Amino acid sequence: MDGMAKTSTTTKGLRAAIERSGYYPALVAEAVEAAVGGEPVQSYLVHQETTFDQNEVRRHVTVLVLTDHRFIVSHTDEQAADSTSPTPYATTSTESVKLDRISSVVVSRVVANPESYTPGTLPREVVLTIGWGAVSRIDLEPAACGDPNCEADHGYTGNSTADDLSLRVSEAGDGPETVRQALVFAQAISEATADPAR
């Protein structure tokens, strides 16, 4: 990642965060570097998630990067040997989204003891959801009217939700620094997508 390391202190922080995750750092860093190119990194978030699939432990890392003009998402998953590969392998993918395509940024915060909340206190967990129109979910249900005896067909009602990316970080599972970094990244991408000059 020599090209990235020259661009800014934020880029050095991104590289250090990828290395700290310990999850195939050379592979993850190379994929992120290729996607970022020569653009300076404005903000980032590195999130490692461990899941249990029957008798196997699987790891997944997501790297989010904000540049001046793009939002970059990188996912890396590891797989056990299977019928397609005699050895374990990893799959890395990156997606680059122009900032003007981002249609929503949702930040959900979970705080303990809200009656005694002090501004600036770190939430217990943060869920960051970003939509840019690549994936939408439609939830439908039969529509009804206020008459409990009505047997007419009122069609369907529902919601369309853009949820291209949803990432949950928690203080208990990821540590307070990851929660803090998630909030910093969420604010940075919210501000970047609100910029009327874009």
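The values are calculated or read from the model by the stated rules, or taken from the named source; none is laboratory data. As the structure is a computational prediction, the values presented were derived from the model and not from experiment. Positions of Cβ are generated from backbone atoms using ideal geometry, with glycine treated the same way; all protein chains shown enter the neighbour counts. For the accessible areas, the whole protein counts, side chains as well, though only heavy atoms, and no ligand, DNA or RNA atoms are used. Shrake-Rupley method; radii C 1.70, N 1.55, O 1.52, S 1.80 Å.
For this structure, a couple of remarks:
- Gain on full stretching of the segment that runs from Asp100 to Asp153 - 0.36 nm per residue minus C-alpha separation: 15.0 nm
- Cα long-axis angle, helix 25-36 against the chain (0 to 90 degrees, to the nearest 10): 70 degrees
- Rg/Rh for the range 60-105 stands at 1.19; both radii use Cα atoms, and Rh follows the Kirkwood definition.
- The string of couplings for the range 97-106 from the Karplus curve (6.51, -1.76, 1.60, θ = phi - 60°) is 10, 5, 4, 6, 8, 6, 9, 7, 10, 10 Hz, one whole number per residue in order, with x for Gly and Pro.
- Cut-off 11 Å between beta-carbons: net charge of the residues surrounding Ala90, Lys and Arg +1, Asp and Glu -1: 0
- In this calculation the C-beta distance from Ala34 to Ser108 is compared with R0 = 35 Å, giving a FRET efficiency of 0.65.
- Sorting Glu151, Glu49, Glu30 by solvent-accessible area of protein heavy atoms yields Glu151, Glu30, Glu49, largest first, with a 1.4 Å probe.
- Length added when fully stretched, Thr87-Asn55, from 0.36 nm per residue minus Cα-Cα: 9.8 nm
- Computed from Cα positions, the angle between helix 176-194 and the longest principal axis of the chain comes to roughly 70 degrees.
- The shape of the chain can be summarised by an equivalent ellipsoid whose semi-axes, obtained from the alpha carbon gyration tensor, come to 33, 23, 20 Å from longest to shortest.
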